[in-house]
Amino acid sequence: MNISQSNNTIEETCNSKQEDIINYLDSIFFKAFNKVPFDVLCTVLRVSGMQDAGWDPFEESTQTLDDLNWLSLKAKERSQKAIWRIALLQYCQLVEMSAAHDILANLLRVINDEPFIKQPFFDKIRDKKNSSWYTIPPSATTKFKRIREYAERAKEQQLVDLVNGFFDDEIRNAFSHSDYIITEDQFRITESGVGKVLQLTQLSDKINLAFDFYRALIVCHRRWQRLFASIPKYHQLPYYEVLEILSSESKELLGFNVHFSNGSKATYTRSLKGVET
């Protein structure tokens with residue numbers, strides 16, 4: 001399976017900072033692809049269990065961000081504080097996006113010679129007390145800690161620096177729990193007894209970097225979907241299997257078949273109709 005890095009073009013309108021992050025994240029995709037192409041295909045498809053139409057939170061999250069961008073334009077008509085509140089809402093939406101955590105974790109796992117897995121944070125799920133039906137998913141803090149650990153092992157210090165630059169659990173927690181005040185020049189956190197102050201210029205830097213990072217990641221993910229859809233359809237795998245990449249007439253990646261020597265096959269597809277295996 002071959003994908004040419006020179007064929008990549010930035011089709012989306014991005015600023016120079018976003019383009020730099022896109023190029024860097026693209027290099028991570030390529031490092032993983034050069035190790036185990038099939039695992040990167042699984043990462044891009046976000047291979048998981050069965051899922052009906054209307055049950056993909058990643059699609060919902062990206063649409064929500066579009067709605068919040070529209071709302072941020074409306075906020076300008078109201079007040080400067082309204083702009084900050086919408087920006088903080090977008091920030092929390094971004095850093096909590098589970099699909100992004102999974103994509104980053106699996107790319108780094110492949111670079112570190114570990115296989116793709118459906119739930120790279122499964123061991124961090126906790127059982128809920130007095131309930132055999134519900135569990136407590138790992139927090140964004142827990143997941144970013146693991147992503148940083150993976151990145152350090154992969155010698156991707158730039159990714160560590162980017163995550164450290166935008167992710168601040170105190171900001172996320174304060175806004176989510178309504179334990180904050182916005183003044184003319186400060187973001188004040190009132191939780192945990194002793195107050196903490198962050199200058200709005202510092203807050204702006206973190207929020208803007210988060211926007212740039214996630215925009216870049218979404219662009220890279222869409223680009224790799226198109227790349228996989230545009231390469232030859234059939235690929236020989238070890239042990240005599242044949243990989244068949246499935247795409248739509250409009251060159252949208254849909255999934256794959258793995259054909260076995262005994263005539264059987266395994267299928268995975270993801271579309272607006274849901275996930276089928």
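Pairs meeting the criteria (first residue in segment 93-112 and closer than 24 Å to I171 by Cα, second residue small (G, A, S) and open to solvent by 10 Å² or more (accessible area, probe 1.4 Å), beta carbons under 6 Å, at least 6 apart or on different chains) are M97/S61. Taken over segment 164-217, residues that are without any contact (Cβ under 8 Å) to a residue 40 or more places away in the chain, among the hydroxyl-bearing types (S, T, Y) and over 19 Å from A82 (Cβ atoms) amount to 2.
Every residue, every condition in (1) within 17 Å of L41 (Cα to Cα); (2) among the hydroxyl-bearing types (S, T, Y); (3) under 22 Å from the mean Cα position of the chain (by Cα), yes or no:
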site	(1), (2), (3)
A210	no, no, yes
A229	yes, no, yes
P232	yes, no, no
E241	yes, no, no
E244	yes, no, no
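For D66, the conditions (1) surrounded by 15 or more Cβ atoms within 10 Å (Cβ to Cβ); (2) charged (D, E, K, R); (3) free of Cβ contacts under 8 Å to residues at least 12 places away in the same chain are fulfilled apart from (1). On the stretch given as segment 260-277, residues that are under 15 Å from L41 (Cβ atoms), modelled with pLDDT of 90 or more and either crowded, with 17+ Cβ neighbours inside 10 Å or out of contact with any His (no Cβ under 9 Å at 6 or more places or on another chain) (or both) total 3. With respect to (1) touching a helix residue (DSSP H, G or I) at 6+ places or on another chain (Cβ under 7 Å); (2) open to solvent by 90 Å² or more (accessible area, probe 1.4 Å); (3) of a type in the set (A, V, I, L, M), the lone exception for V194 is condition (1). Among the residues of segment 197-242, the ones that are surrounded by 14 or more Cβ atoms within 10 Å (Cβ to Cβ) and farther than 26 Å from L25 by Cα come to 5 in all.
Scanning segment 165-207 for residues that are farther than 16 Å from L89 by Cβ and among the charged types (D, E, K, R) returns D169, E170, E184, D185, R188, E191, K196, D205. Inspection of segment 124-146 finds no residue satisfying the criterion of being in contact with a Ser or Thr (Cβ under 6 Å, 6 or more places away or on another chain) and touching a residue at least 24 places away in the same chain (Cβ under 8 Å). Looking only at residues in segment 2-46 that are open to solvent by 20 Å² or more (accessible area, probe 1.4 Å) and β-branched (V, I, T), the one that is modelled with the highest pLDDT is V36. Counting residues in segment 80-101 that are in contact with a strand residue (DSSP E or B) (Cβ under 6 Å, 6 or more places away or on another chain) and either modelled with pLDDT of 80 or more or assigned to a helix (DSSP H, G or I) (or both) gives one or more. Considering each residue of segment 193-213 in turn, at least one proves to be aromatic (F, W, Y) and modelled with pLDDT of 95 or more.
The values are calculated or read from the model by the stated rules, or taken from the named source; none is laboratory data. Because the structure is a prediction, the values reported are computed rather than measured. As a convention, Cβ positions derive from the backbone with ideal geometry for all residues, glycine included, and neighbour counts pool all protein chains shown. SASA here: full protein model, heavy atoms, side chains in, ligands and nucleic acids out. Shrake-Rupley method; radii C 1.70, N 1.55, O 1.52, S 1.80 Å.
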